[in-house]
Amino acid sequence: MKKEAILVLIGCFSIHLFNGCFFLWGNIAPYVLSYFYYFGNDPLIKQSDAAIITPILCIGLMVMNPTVASWKVNPKIPIALGSSIAIVGLLISSQVHSFTIFLFTYATVIGMGIGFCYFPPLQCGWEWVEEKGLVTGIILGAFGFGSFVFSFFA
């Protein structure tokens, strides 16, 4: 494998490692809900309210992924756009005091951002490395591995 292909694979792996934060909600949900219960504007919040976050994240990912996959643009554009959307959504959601606004900024905006930059790293990997199955496994493995890595920080 060429040096350039290894660098592309490392970059694609890194993007999906960040996207793997998608699965962290299960680890941080009790802490986020207790914050909104004690310090937010939602004293009637319940543990069952956390169950809506993951399906909304999945819907954002499932809507944006095929949309972006059909674009015929340089993969840098959806990756930059999607990661910017996800980071801005994460920053805004860390500053809100209402669970309803948090629901929108965390679940909807971050889900859409991850959906934007889910498929383009695969495209890049397929263009640079001949073993498409190996590349797909490594890149998508990073998506699941991201939650493992970042759960230690959460």
- Message: For the structure I just gave you, tell me whether Phe150 is under 14 Å from the mean Cα position of the chain (by Cα), buried (at least 21 other Cβ atoms within 10 Å of the Cβ) and within 19 Å of Leu90 (Cα to Cα).
- Response: no
- Query: Which residues, taken from segment 68-99, are open to solvent by less than 40 Å² (accessible area, probe 1.4 Å), part of a helix (DSSP H, G or I) and hydrophobic (A, V, I, L, M, F, W, C)?
  - Reply: Val68, Ala69, Ile79, Ala86, Phe99
- Query: If Ile138 passes every condition in (1) in a helix (DSSP H, G or I); (2) surrounded by fewer than 17 Cβ atoms within 10 Å (Cβ to Cβ); (3) aliphatic (A, V, I, L, M) but one, which one does it miss?
  - Reply: (2)
- Message: Exactly one condition in (1) within 15 Å of Ala107 (Cα to Cα); (2) modelled with pLDDT under 90; (3) among the aliphatic types (A, V, I, L, M); (4) surrounded by 14 or more Cβ atoms within 10 Å (Cβ to Cβ) is false for Ile59; which is it?
- Response: (2)
- May I ask you to list pairs of residues, at least six apart or on different chains, whose Cβ atoms are under 6 Å apart, with the first in segment 88-99 being within 14 Å of Leu33 (Cα to Cα) and the second being surrounded by 13 or more Cβ atoms within 10 Å (Cβ to Cβ)? Ser93/Phe102; Ser93/Thr105; Ser93/Tyr106; Val96/Phe102; His97/Gly40; Phe99/Phe36; Phe99/Asp42; Phe99/Ile45
- Task: Out of Gly40, Gly26, Gly20, Gly60, report the one residue that is farther than 19 Å from Phe148 by Cβ, within 22 Å of the chain's Cα centre (by Cα) and not aliphatic (A, V, I, L, M).
- Result: Gly60
- Note on the structure: Given the conditions (1) at pLDDT 90 or above; (2) of a type outside the set (Gly, Ala, Ser); (3) closer than 21 Å to Phe152 by Cα; (4) open to solvent by 70 Å² or more (accessible area, probe 1.4 Å), every one holds for Tyr35 apart from (1)
- For Tyr106, are the conditions met, namely being in a loop (DSSP other than H, G, I, E, B) and modelled with pLDDT of 90 or more? no
- Pairs under 7 Å by beta carbon, first residue of a type in the set (Asp, Glu) in segment 1-15, partner open to solvent by 60 Å² or more (accessible area, probe 1.4 Å), six or more apart or different chains? Glu4/Trp128
- Out of curiosity, is Ile110 under 18 Å from Met64 (Cβ atoms) and among the aliphatic types (A, V, I, L, M)? yes
- Query: Condition test on Gly26, is it touching a helix residue (DSSP H, G or I) at 6+ places or on another chain (Cβ under 8 Å), part of a helix (DSSP H, G or I) and either touching a residue at least 60 places away in the same chain (Cβ under 8 Å) or crowded, with 18+ Cβ neighbours inside 10 Å (or both)?
  - Reply: no
- What is the one condition in (1) modelled with pLDDT under 90; (2) of a type in the set (Val, Ile, Thr); (3) within 13 Å of the chain's Cα centre (by Cα) that Val73 does not satisfy? (3)
- May I ask you to list the residues in segment 102-135 that are of a type in the set (S, T, N, Q), over 15 Å from Ile77 (Cβ atoms) and open to solvent by 30 Å² or more (accessible area, probe 1.4 Å)? Thr108
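The values are calculated or read from the model by the stated rules, or taken from the named source; none is laboratory data. Quick caveat: nothing in here was measured; it's all calculated off a predicted structure. Note that each Cβ is placed from the backbone with ideal geometry, even for glycine, and that neighbours are counted across all protein chains shown. To get the accessible areas, we keep the full protein, side chains included, count just its heavy atoms, and leave off ligands, DNA and RNA. Shrake-Rupley method; radii C 1.70, N 1.55, O 1.52, S 1.80 Å.
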